[in-house]
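Scroll down for the structure; my scribbles are underneath it.
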Amino acid sequence: MRLAVFCGSRTGTNPIYEAAARAFGASLARRKIGLVYGGASVGTMGVLADAALAGGAEVTGVIPRSVFKSEVAHTGLTKLHVVASMHERKALMAQLADGFVALPGGPGTFDELFEILTWRQIGIHDKRIGVVDVNGYFAPLRAMIDGILREGFGDSIPIEAIDADAERVIDAVLPAT
């Protein structure tokens, strides 16, 4: 079982985001869930990977060559895939993962989350998606989803959970066995 996690190449200004990434990585390891992520050694991505590795989890990174060259690639992973583009990164992460989780991050995190949501809506995959709402970070996303539905731009948004409790999000995203 592996979860793809989308999160930041920065840690943010509030230490709660770094702590949440660390706790999430430790939780994956404790639950024997592998991590698939963006492959960086920096930001909450690096914190997440380091915590998962420290707990004994298998950690697979997928990083575009252009980012690898800027020396942010995590060199201590179980496996690191270097791909040509961001599109290839997202496609390979989707192929390798059994579900998806977003933690707070910047535009790249939202790009990954929305692409994976769109792919699910149009039938490219049927994997579950969750969001860990650390410190109310995703409250605007909830409001946007409500607006999309209220204004008729969608019938549903395929997110199983948007929750501050990371364990509940993992439970909601894991495929039923």
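Some values worked out for this structure:
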item: Residue pairs meeting the criteria (Cβ under 6 Å; at least 6 apart or on separate chains; first outside any helix (DSSP H, G or I) and at pLDDT 85 or above, in region 59-72; second crowded, with 16+ Cβ neighbours inside 10 Å and polar (S, T, N, Q)); result: 72/41
item: Selection count, region 28-58, where residues are small (Gly, Ala, Ser) and not in a loop (DSSP other than H, G, I, E, B); result: 9
item: Members of region 23-72 that are among the polar types (S, T, N, Q) and either surrounded by fewer than 24 Cβ atoms within 10 Å (Cβ to Cβ) or on the phi > 0 side of the Ramachandran plot (or both); result: 27, 41, 60, 66, 70
item: Given (1) in contact (Cβ under 8 Å) with a residue 24 or more places away in the chain; (2) at positive phi; (3) not β-branched (Val, Ile, Thr); (4) not in a helix (DSSP H, G or I), number of the condition residue 123 does not satisfy; result: (1)
item: Those residues of region 100-110 which are touching a residue at least 24 places away in the same chain (Cβ under 8 Å) and over 10 Å from the mean Cα position of the chain (by Cα), in sequence order; result: 106, 108
item: Residue in region 131-152 that is part of a strand (DSSP E or B) and either in contact (Cβ under 8 Å) with a residue 60 or more places away in the chain or on the phi < 0 side of the Ramachandran plot (or both) present; result: yes
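The values are calculated or read from the model by the stated rules, or taken from the named source; none is laboratory data. In this text the structure is predicted, and so the values were computed from the model without any measurement. A quick note on method: Cβ atoms are made from the backbone with ideal geometry, for glycine too, and the neighbour counts reach across all protein chains shown.
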